[in-house]
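The values are calculated or read from the model by the stated rules, or taken from the named source; none is laboratory data. Just so we're clear, the structure is a prediction, and the values are computed from it rather than from any experiment. Cβ sites come from the backbone with ideal geometry, for glycine too, and all protein chains shown count toward neighbours.
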């Protein structure tokens, strides 16, 4: 677009209308043309503006060096300390210090501590840490439902008129099908009662429980079948092999640990806020309703289920089989 003598004789608004632009835009383009010639008619490249009041690089380096030695200090403390003569007598405001911290993504104490850690040479990992990382790449061997059930317990809390409430949970490691029952204690009597309940449920679904995995809690006893211990006696008479995790390695019982966490987050934290329970039976009924939805209605995205429900993974381990009819409420 050029402005020649002929176009100068035309009304500027008429020129703007012919070029399909507002007269304000026309004036801006005309001014750019008068100042820069043809080059002024091209679009300008958008470049970030340089902040003339930004903290100089040498001062910023001093602030970052101070933060390395004092990561717990905030902008106000840093500003005050740098103004001291022994620290250089640098006059810089709290806002400017915060701008430096924000620009380097260390504007919170947590981020500053993480930054300090990243500057340190990597530490040699302990055998415990190496074993924990290696366990993430290992998977529990459970080829068919009933081959292994993971069992664990957790204190849900104290309810008025009921006392402490404990949940014993079990989850089939081949299908993620889960069970949970509530008790007022965490003893071998309650753990053994839950095991008998789970074993009965397996039989009602056409499977046989062969192994159970627990931690080393006193309520579970040792992995050796001990008739003198209620849980050991239950394993002996039910012909179930009892296996325990390695001491101080709770992640080896990850199936039950994750199931307990899911129940606590998705059911107990919500149910105990919405309703005041006066009996353990009432809470157990609502828990059964949740488990029914968990096992029969809700698709899971785990390594074994892959978008199927636990019931589908339990009853249809292979594609050529058919799912058994859905039962009523599982108690």
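Structure above, values below:
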| read-out | value |
| --- | --- |
| Residues being outside any helix (DSSP H, G or I) and surrounded by 13 or more Cβ atoms within 10 Å (Cβ to Cβ) - total across segment 20-37 | 1 |
| Residue count for segment 311-331, restricted to those that are modelled with pLDDT of 75 or more and either touching a helix residue (DSSP H, G or I) at 6+ places or on another chain (Cβ under 6 Å) or outside any helix (DSSP H, G or I) (or both) | 2 |
| Residues satisfying the stated conditions in segment 233-254, i.e. at pLDDT 85 or above and out of contact with any helix residue (DSSP H, G or I) (no Cβ under 8 Å at 6 or more places or on another chain) | 236, 237, 239, 243, 244 |
| Which listed residue is at pLDDT below 95, touching a strand residue (DSSP E or B) at 6+ places or on another chain (Cβ under 8 Å) and surrounded by 15 or more Cβ atoms within 10 Å (Cβ to Cβ), from 214, 226 | 214 |
| Every pair of residues 6+ apart whose Cβ atoms lie under 6 Å, when the first sits in segment 92-103 and is assigned by TED's automatic domain parsing to the domain that holds residue 82 while the second is outside any helix (DSSP H, G or I) and surrounded by fewer than 20 Cβ atoms within 10 Å (Cβ to Cβ) | 96/55; 100/55; 101/107 |
| Test: residue in segment 178-194 that is farther than 22 Å from residue 260 by Cβ and either assigned by TED's automatic domain parsing to the domain that holds residue 287 or free of Cβ contacts under 8 Å to residues at least 60 places away in the same chain (or both) | no |
| Subset of segment 274-310 (residues that are within 19 Å of residue 258 (Cα to Cα), outside any loop (DSSP other than H, G, I, E, B) and in contact (Cβ under 8 Å) with a residue 24 or more places away in the chain) | 287, 288, 290, 291, 292, 294, 295, 296, 310 |
